[in-house]
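**Student:** Please see the structure below; I have some questions.
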Amino acid sequence: MDHPCASIWSSIANWIFAFTRPSSKLELQEAIDALCTLPGVGPKVAACIALFSLDQHHAIPVDTHVWKIATRYLLPELAGARLTPKLCSRVAEAFVSKYGEYAGWAQTLLFIAELPSQKAILPSNSCTIKEKNSAKRKSREA
């Protein structure tokens, strides 16, 4: 006897497989909208799937961490604002405007570089301008 969810998972697998055929490549927003019809899939997860599995290299999965990166480096005028669906779109547009067709991968690298475990192993010359200026001020004060 098959597992009760087997037919559901088979349908989902076939549905997702349809996305991966080159002849059926959807526009990014169409892919995200379609993926969001799946149970438990929201815009961020849909953007992750589009970026990592559907060759949508400009997909930007926006969460609070990416929001902080965006307000620090791309949209400082929005610092302190609350993240909304409209601002998620603005963040994605800012990344694409800055990094082009591979903006999703640029965002991924920036996200990883912000992880404490990664900051500890990055070369010291990879710190941000803000960190460099802060270090200069501290050395002048000393």
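**Student:** Report the extension gain between Lys119 and Leu78 in nm, rounded to one decimal, defined as 0.36 nm multiplied by the number of residues separating them, less their alpha carbon distance.
**Tutor:** Numbers: separation 41, 0.36 × 41 = 14.76 nm, distance 2.47 nm.
So the extension gain works out to 12.3 nm.
**Student:** Which of Trp67, Trp105 comes first, and how do the rest follow, when ranked by fewest Cβ neighbours within 10 Å?
**Tutor:** Numbers: Trp67 19, Trp105 15.
By the 10 Å Cβ count, ascending: Trp105, Trp67.
**Student:** Sticking with this structure for a sec: Give the order of Phe111, Phe95 when sorted by the count of other beta carbons within 10 angstrom, beginning with the fewest.
**Tutor:** Numbers: Phe111 16, Phe95 25.
With the sparsest Cβ surroundings first, the list reads Phe111, Phe95.
**Student:** Let me ask you something else. Efficiency by 1/(1 + (r/R0)^6): what FRET value for Ser97 and Ser53, r their Cβ-Cβ distance, R0 = 30 Å, to the nearest 0.05? Walk me through the numbers on the way to the answer.
**Tutor:** Details: r = 24 Å, r/R0 = 0.81.
Calculated transfer efficiency: 0.80.
**Student:** Neighbouring Cβ atoms within 10 Å as the yardstick, rank Ser10, Ser89 fewest first.
**Tutor:** Numbers: Ser10 11, Ser89 14.
Ascending Cβ contact count within 10 Å gives the list Ser10, Ser89.
**Student:** If you don't mind, another one. Roughly how many nanometres apart are two label points built 7 Å out from the Cα toward the Cβ at Gln29 and Asn14?
**Tutor:** 3.1
Every number in this text was worked out from the coordinates using simple rules, so none of it is lab data. Just so it is clear, the structure is predicted and the values come from calculations on it, not from any experiment. Positions of Cβ are backbone-derived with ideal geometry, glycine not excepted, and every protein chain shown enters the neighbour counts.
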